[in-house]
Ligand SMILES: [Zn+2]
Ligand SMILES: [Zn+2]
């Protein structure tokens, strides 16, 4: 979105594999000068966006793109921090309870395990996926993709990794989980003395980092890989 | 293209915006209807209207509405202590927060667990019914509604996380414990199904073309 991609290959017709297989010659030329709204199909000219500005669809007001908010180095640093904090957030207790001298505390993996053992394996899997696995995969993919692209290499499996990144971005719910931990702490506190643990603070930081990385979008990744690979 | 009236659409110009990578592809010549097109950069299938979008949205929406009933009637968790076991529904949990004096949390949980799922189901119904009629009524507002559903949908998972954390933390044996109950699974399923319904809905259906045959002029 930030700037038009000048490329010698930009207007070269391209026959996708599936079309070739069916024997139909389909030519899909790249139009890096245009933007098609993903929500209403309106066509716009691609313009260069200043840092911090956003472009919206003239017809439906959908967000079409934003000027660079974070640089590549910052995104990489955020991803590294996020990975470390996810590890901390999952090994440290989220809340510690003291019930007449008996102390009880749980990390997220322990809570998931307890839910599984209590006869709700599907709920355990749903929580593990949305609060733990998807945010973790999100962070690892960002590290893997960005780590290669900054060195001028298109990483192996770039396209499948990008598809997976889209999926885990949509289904990761780390910010909802953070609010859930706060509600849980308050509900525990109404029964007995409850102290928020390191895990809760770590998840708070992970939420901020993942939100910032997500806001930067995936456009830069696609653009960098196109520039390196020389395709539009 | 500075006037709204001069707006052209991708299907009029044989342009396809890739939903995954954003690449804009232009079809250089007419192809037979139903030709399978893929993004040259990332292999995502390209359509002007996602196939069977409305049927899939309906299916997820009906499943979500049906499960919404047990999700609210069945207990989502049980608490036990030396005096016995108590069952808690979602509404019961909100009532406990309210009587406990945690007004703000009661409001937050009410919004996430009751208001958001209901509004989502209602809003999706409005979107699929108007899209089916190829309605041009309040298109900008409906587009806004669609974006809102996409943005708030996952917040309903709040109660699922709360119960899982309580189950993990409150483990004092016979003195006290929390167990998840079947309502929680139904509730989690409602959240996932409404998210799938919103994800299946193609927002381009809010903006039907003048004629049906503008796809390959
Ligand atoms: Zn639009
Ligand atoms: Zn693509």
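For chain B, the longest principal axis of the Cα atoms and the long axis of helix B:53-73 meet at an angle of about 10 degrees.
With the simple spin-label model, which puts each label point 7 Å out from Cα in the Cβ direction, the residue A:45 to residue B:125 separation comes to 4.6 nm. Per the Debye formula on identical point scatterers at the alpha carbon atoms of the protein assembly as shown, with no solvent, log10 I(q)/I(0) at q = 0.08, 0.09 Å⁻¹ is -0.53, -0.66. Computed from Cα atoms, the angle from the helix A:72-91 axis to the main principal axis of chain A rounds to 30 degrees. Quick one: helix A:219-229 against the long Cα principal axis of chain A, what's the angle to the nearest 10°, folded into 0 to 90? Rounded to the nearest ten degrees, it is 50.
Here r is the Cβ-Cβ distance between residue B:136 and residue B:47 and R0 is 22 Å; the resulting FRET efficiency, rounded to 0.05, is 0.55. Two numbers describe the Cα atoms of the stretch B:1-60: Rg and Dmax, which are 13.6, 40 Å. Can you pull a Stokes-Einstein diffusion coefficient for the stretch B:101-217 at 10 °C (1.306 mPa s), Rh from Kirkwood over Cα pairs, as a whole number of µm²/s? After rounding, the answer is 95 µm²/s. Extending 7 Å from the Cα toward the beta-carbon at both residue A:53 and residue A:192 defines two label points whose distance is 5.8 nm. For residue A:156 and residue A:215, a Förster radius of 25 Å and the Cβ-Cβ distance give a FRET efficiency of 0.40, rounded to the nearest 0.05. Length, then width, then depth: along the principal axes, the Cα atoms of the stretch A:46-170 run 64, 39, 28 Å. Our Cα-only numbers for chain A put the radius of gyration and Dmax at 22.3, 76 Å. Full extension of the chain between residue B:148 and residue B:78 yields a length gain of 21.9 nm, computed as 0.36 nm times the residue separation minus the alpha carbon distance.
Each 5 Å bin from 0 upward holds the following percent of the Cα-Cα pairs of the stretch B:18-177: 1, 7, 11, 14, 13, 12, 11, 8, 7, 6, 4, 3, 1, 1, 0, 0. Only Cα pairs under 8 Å and 6+ residues apart enter the sum, and on that basis the relative contact order of chain B stands at 31 percent. Taking R0 as 22 Å, what's the FRET efficiency between residue A:113 and residue A:87 from their Cβ-Cβ distance, rounded to 0.05? The value I calculate is 0.80.
A short reminder: the numbers here are calculations on the coordinates, not readings from a lab. Just so we're clear, the structure is a prediction, and the values are computed from it rather than from any experiment. So basically every Cβ, Gly included, is an ideal-geometry build from the backbone, and we count neighbours across all protein chains shown.
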